[in-house]
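Bear in mind that the values in this text are calculations on the coordinates, not laboratory data. In this text the structure is predicted, and so the values were computed from the model without any measurement. All Cβ positions, even for glycine, are placed from backbone atoms using ideal geometry, and neighbour counts span all protein chains on display.
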Amino acid sequence: MNMNDLILYEEPRIGVFVCDCGSNIAGHLDCADVAEYAKTLPNVVYVKENLYTCSEAGIVEIKKAIKGQNLNRVVVASCSPRTHQPLFSSSCAEAGLNPYLFEMVNIRDQCSWVHMGKRDDATQKAKELIRMGVAKSAGLEPQEEIESSLVRKVLVMGGGIAGLSAAQALADMGLDIMLVEKTSNFGGLLQQVHQLDTGGSARALLSKIIDDVQSRSNITCYTKAIVKETGGYIGNFEIKIDTQNGLIKDKVGCIVVATGAVPLIPKGLFGYDGETVISLMELEQKLKKDDLTARRIVFIQCAGARTKEREYCSRICCMIGVKNAMIVKEKYPLIDVRILYRDMQMYGTHKEQMLWDARGKGIQFDVYNPDNPPEVKEGKVSFFQSITGKIIDLDTDLVVLSTPLVPRSDAPAVANMMRVPTDQNGFFLEAHAKLRPLDFAADGIFVCGSGRYPATSTEARTQGLGVASRVAAILFKDKLVKSAIVAKINPESCVGCKACLTMCPYEAITYNRDKRICEINEILCKGCGNCAATCPSHSAQLCGYKPEQLLAQIGAA
């Protein structure tokens, strides 16, 4: 009989630690009274009130009590489990207690914060929550964390600046990379750009990075290739790539999606014809070839963006428009340049300075009203100038439309294949805009560049480097270890009704036709509990949240 089995048969010895959190909790409820109440609860053999339980002194108190009081369950009543549960559970493990015999009660968010000014009510509610936590903890069972092997190889989808940067950084770390680009050349959208906003040549930057990437022995480059299929899970993805030399099957540990975006072709907008009315990217080509004959140029910002059809702001169009207007002025000082805009999105000190410098070079800026947009007719641009209240007619040889970046046409197919989400605009959706901006919700798959949202070359490159660090945090481990809080299906009672299959958002459940039962891939399972709530035979249960544990909480309430 191992230690975990012994704990199951032992009488629960529960330690309760009540945190003051300075005045965050203690300022709104009576922590001393709550701690005294906890001493009266069944199976509680030790109670301690701490000023800050998460401090070094507080952690030492927990470890000392586990050993000195022979505790086999620990309950901490403090703040949010989302931020502090890993700290407390790992501290229990360091003291020799299985980390899954730890329970946390949130008396900050659920008591002191929501009942400020009602000290008695907050105190009473804290007592009730602790009573429920103690009741559940008595029925907790030790769990073993789930381990799996790792393949130290990475698939990078997309050979633009973001994908190249990610591949370059990962190769520097000694990992093997498969870099897949669907077109014949690496470089993505940056191939069409003349000059960067930082002043350097786009071609020079690209050439340097591409040459470096192609020279690496641990980067296998594929052009005119498409990822046809992906399967498996973090650490062990199975992929199929359709290349010029046939189908390639391989395994990788992580996947990076850097498929980019494309400029909107403004057909039907402001008389677009590709000659006298062109897009920003077409202007980039003219500047590249030094093929600009116009003497009066008008830029119209937000062409095709921030409309009913396309409500989002593309972020980088204003900067690109101003950058190109400045290049025109520098190359051809006698050309009259005007920019008609709604609002200027020039974020950051560098871009803000660009705007001031543009005005200093003689570029004129005028605001137009989106409800009364400019009209382009036979060499003239007419717009309503709100400052003067007049219609202004501008003679022009060339109109440049600042159009947004839009998702690639194959983005939905890629999202479906990878089982990752897109937002309402069709861009790939990260797990969390602030906490996990480069991760997908699906473990082991990451996103960078303009496929995530329109980005400058500098931002795309930075995101590529960021993704490399996220991948390294996974693949440089000896093995993959994940939480044991996963669902399990009892094969003896499962009737194979398949109700759980449609309820699992992570596709972690499969149907075994031979056994006629449903089975769970524990690596893919996120412990959401949807299957346990759905299963009519109660065959599916979530570890750490079994019916008897939850019923104990309910009974205590």
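Where does the Debye-calculated log10 I(q)/I(0) of the range 265-403 sit at q = 0.21 Å⁻¹, using only Cα point scatterers of equal weight, no solvent?
-1.47
Let me see the P(r) profile for the range 213-269: every Cα-Cα distance counted, bins of 5 Å, each bin given as a percent of all pairs.
Taking all Cα pairs of the range 213-269, the binned fractions are 4, 14, 18, 22, 18, 9, 6, 5, 4, 1 percent.
Using the Karplus curve 6.51 cos²θ - 1.76 cosθ + 1.60 with θ = phi - 60°, work out ³J(HN,Hα) for each residue of the range 297-303 in order, rounded to whole Hz, and write x for Gly and Pro.
Using θ = phi - 60°, the values come out as 10, 10, 8, 10, 7, 6, 7 Hz.
Considering only the chain, what is the antiparallel percent among its DSSP beta bridges, to the nearest 5?
Working: 41 of 89 bridges.
Within the chain, antiparallel bridges account for around 45 percent of the total.
Got a sec to turn the phi values of the range 211-228 into Karplus ³J(HN,Hα) couplings, 6.51 cos²θ - 1.76 cosθ + 1.60 with θ = phi - 60°, whole Hz, x for Gly and Pro?
4, 5, 4, 5, 8, 6, 6, 9, 10, 9, 9, 10, 10, 6, 10, 9, 6, 8
With 16 Å as the cut-off, how large is the P(r) tail for the range 477-540, expressed as percent of Cα-Cα pairs?
That fraction is 40 percent.
To the nearest 10 degrees, how steep is helix 161-172 against the longest Cα principal axis of the chain, on a 0 to 90 scale?
50 degrees
Amide H of Glu49: which non-local residues (sequence gap of 5 or more, or other chain) have their own amide H closer than 5 Å, using H built in the peptide plane?
Val18
Using 10 Å bins from zero, what percent of all Cα-Cα pairs in the chain falls into each bin?
Cα pair-distance distribution for the chain, in percent: 3, 15, 19, 18, 17, 14, 10, 4, 1, 0.
When we measure straight from the Cα of Lys526, which lysines land under 17 angstrom away, once same-chain ones fewer than 8 places off are left out?
Partners found: Lys482, Lys488, Lys546.
What is the helix-to-structure angle for 317-331, meaning the angle in degrees between its Cα long axis and the longest Cα principal axis of the chain, kept from 0 to 90 and rounded to the nearest 10?
Between the helix axis and the principal axis of the chain, the angle is about 30 degrees.
Quick one: in the range 156-232, what % of C-alpha pairs are over 22 Å apart? Kindly include the intermediate steps, with their values, before the conclusion.
Numbers: 689 of 2926 pairs.
Above the 22 Å cut-off, the range 156-232 has 24 percent of its Cα pairs.
Work the Kirkwood hydrodynamic radius out for the range 395-472: mean of 1/r over every pair of different alpha-carbon atoms, inverted, in Å.
This gives a value of 13.8 Å.
Of the listed peptides 225-238, 100-113, what is their order by residue-averaged count of other C-beta atoms within 10 Å, with the highest listed first?
Order by mean packing, descending: 100-113, 225-238.
Filter the cross-link list Lys228/Lys498; Lys331/Lys377; Lys48/Lys434; Lys224/Lys479; Lys39/Lys136; Lys153/Lys228 down to pairs whose alpha-carbon distance in this structure exceeds 24 Å.
Listed pairs above 24 Å: Lys228/Lys498; Lys331/Lys377; Lys48/Lys434; Lys224/Lys479.
Taking all pairs of different Cα atoms in the range 31-150, averaging 1/r and flipping that mean, what Kirkwood radius in angstroms comes out?
Across the range 31-150, the inverse of the average 1/r is 15.0 Å.
What value, in deg cm²/dmol to 500, does the helix sum -39500 (n - 2.57) over DSSP H runs of n ≥ 4 give at 222 nm once divided by the residues of the chain?
Value at 222 nm, helices only, nearest 500: -9500 deg cm²/dmol.
From the backbone phi of the range 56-71, what are the Karplus-calculated ³J(HN,Hα) couplings (6.51 cos²θ - 1.76 cosθ + 1.60, θ = phi - 60°) in whole Hz, Gly and Pro given as x?
Values, residue by residue: 4, 5, x, 5, 4, 4, 5, 5, 4, 5, 4, 7, x, 9, 6, 6 Hz.
Nearest 10 degrees, 0 to 90: what angle lies between the long axis of helix 119-138 and the longest principal axis of the chain (Cα atoms)?
For helix 119-138, the angle is close to 70 degrees.
Treating cross-link reach as a plain straight distance, find the aspartates and glutamates whose alpha-carbon is under 20 Å from the alpha-carbon of Lys208, omitting any fewer than eight places away in the same chain.
Asp172, Glu181, Asp197, Glu459
If only Cα atoms are counted, what is the Rg of the range 69-208, and what is its Dmax, in Å?
Looking at the range 69-208, its Cα Rg and Dmax stand at 26.5, 71 Å.
Taking amide H atoms as placed 1.01 Å from N in the peptide plane, list the residues 5 or more away in sequence, or in a different chain, whose amide H sits under 5 Å from that of Tyr233.
It is Glu238, by chain and number.
Go through 506-516, 165-175, 412-422 and give me the packing order, highest mean Cβ count within 10 Å leading.
165-175, 412-422, 506-516
Mind checking Rg over Rh on the range 420-557, alpha carbons, Kirkwood formula for Rh? Could you put the intermediate results ahead of the total?
Details: Rg = 19.1 Å, Rh = 17.5 Å.
Taking Rg over the Kirkwood Rh, I get 1.09.
For the range 292-380, state which GluC sites (Glu not before Pro) are in a DSSP loop and have at most 15 other beta carbons lying within 10 Å of their beta carbon. Walk me through the intermediate numbers first.
Values: sites: Glu309, Glu311, Glu330, Glu352, Glu375, Glu378; in loops: Glu309, Glu311, Glu378.
Answer by residue number: Glu309, Glu311, Glu378.
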